């Protein structure tokens with residue numbers, strides 16, 4: 001049998017990495033981060049336990065990489081839909097709705113992700129390939145929207161989206177989606193009817209869009 005080429009090996013590594021991340025999200029969605037072990041993930045992915053260490057340096061990095069991948073896949077899917085050729089404002093609105101929607105659709109995953117990146121004792125913010133893809137999508141949207149410094153504006157948007165997700169997920173003090181969305185849309189001058197509004201009109205007292 002002829003040896004596999006480098007491209008075939010690389011594709012197999014990518015597939016294994018994706019299987020591990022997918023298994024992680026499925027298990028955390030069901031059992032939470034604390035209730036999911038690396039052994040559980042390996043079994044779910046159909047891989048040997050030792051292979052996880054080859055692809056990811058620990059459970060925390062695996063969890064964050066898996067969540068970043070989920071986010072950039074959701075963004076890509078949302079932006080390739082009916083609004084793919086829409087205005088920059090409509091596409092930015094679609095992206096905001098996609099990220100906030102993850103907090104609603106995958107609350108355990110997003111709570112775990114936020115808890116890990118906000119805990120200074122577990123390490124620095126992970127800038128893995130998945131996070132970089134997510135950042136590139138948002139920066140391109142902001143450039144099209146008119147940001148003079150997309151890199152700096154991306155940091156602001158990322159923080160605002162994190163804050164919005166925390167508001168949706170804060171145990172015992174959850175806020176409804178509408179006012180959080182209205183605040184984010186107001187920051188970027190986005191009309192309420194863009195994207196996927198959760199109700200026909202914005203909440204009373206919402207700030208008006210920051211720009212026309």
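Read the figures in this text as sums done on the coordinates, not as results from a lab. Keep in mind the model is a prediction, meaning the values are calculated, not measured.
Structure data summary
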item: Whole-percent pair-distance distribution, where bins are 10 Å wide, for the alpha carbons of region 9-130; result: 13, 40, 32, 13, 2
item: GNM result for the chain, Cα springs below 10 Å: residue of 104, 166, 20 fluctuating most strongly; result: 104
item: Structure-based [θ]222 nm, the chain - -39500 (n - 2.57) summed over DSSP H runs of at least 4, per residue, nearest 500; result: -22000 deg cm²/dmol
item: Cα pair distances of region 1-56 binned at 10 Å [whole percent]; result: 24, 46, 22, 8, 1
item: Average projected area [Cα convex hull, the chain], square nanometres; result: 14.5 nm²
item: GNM flexibility winner over the chain from 43, 11, 174 (Cα, springs under 10 Å); result: 11
item: Contact order normalised by residue count of the chain, Cα under 8 Å, 6+ apart, percent; result: 18 percent
